[in-house]
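Written out below as structure tokens is the structure these notes cover.
The values are calculated or read from the model by the stated rules, or taken from the named source; none is laboratory data. Just so we're clear, the structure is a prediction, and the values are computed from it rather than from any experiment. Cβ atoms come from the backbone with ideal geometry, glycine included; neighbour counts cover every protein chain shown. The accessibility values were calculated without ligands, DNA or RNA, using every heavy atom of the protein model including side chains. Shrake-Rupley method; radii C 1.70, N 1.55, O 1.52, S 1.80 Å.
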Amino acid sequence: MATISQKVFTRASGSEVILEPGEIVEASIDYAMSHDGTSVLAIKSFKEMGSERVWDPERIIVPFDHQIPANTDVAATLQKEVREWVSVQGISNFFECGTGVCHQVLPEQGFALPGKLIVGADSHSCTYGAFGAFATGLGATDMAEVYSCGRLWFKVPQTIGITVKGDLKPCVSAKDIALKIIGDLGADGATYKAVEYTGQAIENLSISGRMTLCNLGVEMGAKAAIVPPDEKTDAYLRGRAKEAYSPAFSDPDSYDSDIEYDVSDLEPQIAFPTRVDNVRPVSDFEGTRIDQVLIGTCTNGRLEDLEMAARIIKGCKVAVRTLVIPASREVLMEALKRGIIAILVEAGAMIGPPGCGPCLGAHMGVLGDGEVCLSTSNRNFPGRMGKGGSVYLASPATAAAGAVKGFITAPEKN
Ligand code: SF4
């Protein structure tokens with residue numbers, strides 16, 4: 001009896017017997033990613049280690065997304081140095097400013113594949129688990145080791161199986177499911193474990209919804225969050241996949257523990273400052289004043305997120321400054337074609353270039369002292385989006401309803 005995680009590590013380590021949870025292994029990495037922010041440190045460590053050439057330039061991906069376009073001369077110079085290193089190393093999978101957020105770019109470009117072992121120098125690299133990969137975040141120094149030799153040590157994690165049943169109500173989405181589970185399990189509820197999502201409600205989710213769900217896995221400490229691949233996965237990857245893939249599936253009764261949810265009656269959820277596991281129904285915060293709405297990021301900047309927001313905002317004027325940042329150029333192009341961007345701009349929203357935007361508090365929409373943002377992102381720690389600001393985390397539907405009203409309100413009331 002083995003889980004997806006055990007099977008991925010067994011293959012990646014070359015073991016002839018199935019590895020057990022808790023075993024320490026050295027595994028070969030299929031794909032490795034660092035963005036404009038973490039590449040700087042990874043390259044510095046790479047050079048300090050005495051490394052000269054990366055192990056395989058075709059398996060390294062460098063998207064620029066965090067501080068784009070560069071907003072200071074320091075950021076511009078550091079980005080220039082990363083570009084030069086990428087060029088010297090012959091890394092062709094380099095994605096310039098405007099391509100999109102790393103966790104959207106890797107799936108779109110066909111690197112997030114079932115059964116693969118993928119690491120990223122960014123904690124939300126767990127997003128690629130939506131495609132049945134074992135994907136996890138690393139520190140920049142660990143990434144330097146991967147860039148040097150393509151291998152790294154891991155402890156094979158135990159797996160929590162989460163079965164989600166029931167049909168979601170209108171205006172309730174994957175973000176609400178994820179927040180509900182994080183609120184119940186807590187920020188450390190899955191520390192160094194893999195979480196595997198199954199059940200009718202998960203099968204019904206789009207690829208976009210599954211990415212949202214897996215993206216938030218790290219917010220309960222999970223080493224990886226995985227949805228078993230199915231025909232929706234194959235359909236998304238058709239024409240995108242960088243190479244052939246062999247999906248791995250968990251055997252029956254192989255999880256370390258099992259949890260079950262029925263989401264039929266789930267209400268829209270919100271995580272209030274300053275912890276992601278501070279989760280309550282949106283209705284508990286009805287009328288809370290907001291200064292800004294952010295719709296975007298690697299959690300909820302995809303086409304169906306923007307589409308949902310436009311459906312709610314259509315024909316209205318936003319009551320607070322509203323920033324919409326598509327997760328990628330591909331998303332932006334499709335949103336333009338479908339008239340989604342026109343609806344949002346006519347309503348008074350600002351459209352930012354595909355990337356992280358103010359999510360990490362670096363630029364392009366940071367909060368002033370005492371200001372409140374209702375955001376579709378994934379973190380609401382103190383200072384996350386600007387010193388002195390507060391962040392409430394919610395779905396695109398809840399964020400859009402807040403944008404129209406100027407205060408927090410459940411989307412079905414809009
Ligand atoms: Fe990190 Fe936010 Fe960028 Fe996602 S959008 S990668 S959470 S900074």
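For the stretch 182-198, a residue qualifies if it is in contact with a strand residue (DSSP E or B) (Cβ under 7 Å, 6 or more places away or on another chain), small (Gly, Ala, Ser) and either in contact (Cβ under 8 Å) with a residue 60 or more places away in the chain or within 19 Å of residue 298 (Cα to Cα) (or both), and the qualifying residues are 183, 194.
Of the residues that make up the stretch 29-38, is at least one within 16 Å of the ligand (Cβ to nearest atom), part of a helix (DSSP H, G or I) and touching a helix residue (DSSP H, G or I) at 6+ places or on another chain (Cβ under 6 Å)?
Among the residues of the stretch 29-38, at least one is within 16 Å of the ligand (Cβ to nearest atom), part of a helix (DSSP H, G or I) and touching a helix residue (DSSP H, G or I) at 6+ places or on another chain (Cβ under 6 Å), which makes the answer yes.
Is at least one residue of the stretch 76-88 touching a residue at least 60 places away in the same chain (Cβ under 8 Å) and either surrounded by 15 or more Cβ atoms within 10 Å (Cβ to Cβ) or within 16 Å of the ligand (Cβ to nearest atom) (or both)? Checking the stretch 76-88: not a single residue is touching a residue at least 60 places away in the same chain (Cβ under 8 Å) and either surrounded by 15 or more Cβ atoms within 10 Å (Cβ to Cβ) or within 16 Å of the ligand (Cβ to nearest atom) (or both).
Just give me the residues in the stretch 372-396 being more than 15 Å from residue 287 (Cβ to Cβ) and either over 18 Å from the mean Cα position of the chain (by Cα) or basic (Lys, Arg) (or both), in sequence order. 373, 379, 382, 383, 384, 386, 387, 388, 389, 390, listed by residue number.
Within the stretch 1-18, the set of residues being more than 17 Å from residue 153 (Cα to Cα) and open to solvent by 60 Å² or more (accessible area, probe 1.4 Å) comprises 1, 16, 17. Of all residues in the stretch 53-75, those that are open to solvent by 50 Å² or more (accessible area, probe 1.4 Å) and either touching a Phe, Trp or Tyr at 6+ places or on another chain (Cβ under 6 Å) or under 16 Å from residue 121 (Cβ atoms) (or both) total 3. Within the stretch 366-407, the set of residues being among the aliphatic types (A, V, I, L, M) and away from the ligand (no atom under 16 Å from the Cβ) comprises 372, 397, 400, 401, 403, 404.
Within the stretch 152-162, the residues that satisfy the criterion of being more than 30 Å from residue 400 (Cβ to Cβ) and surrounded by 15 or more Cβ atoms within 10 Å (Cβ to Cβ) are 152, 154, 156, 157, 158, 159, 160, 161.
For the stretch 125-151, what are the residues that are outside any strand (DSSP E or B) and either open to solvent by 10 Å² or more (accessible area, probe 1.4 Å) or free of Cβ contacts under 8 Å to residues at least 24 places away in the same chain (or both)?
Passing the criteria: 138, 139, 140, 141, 142, 145, 148, 149.
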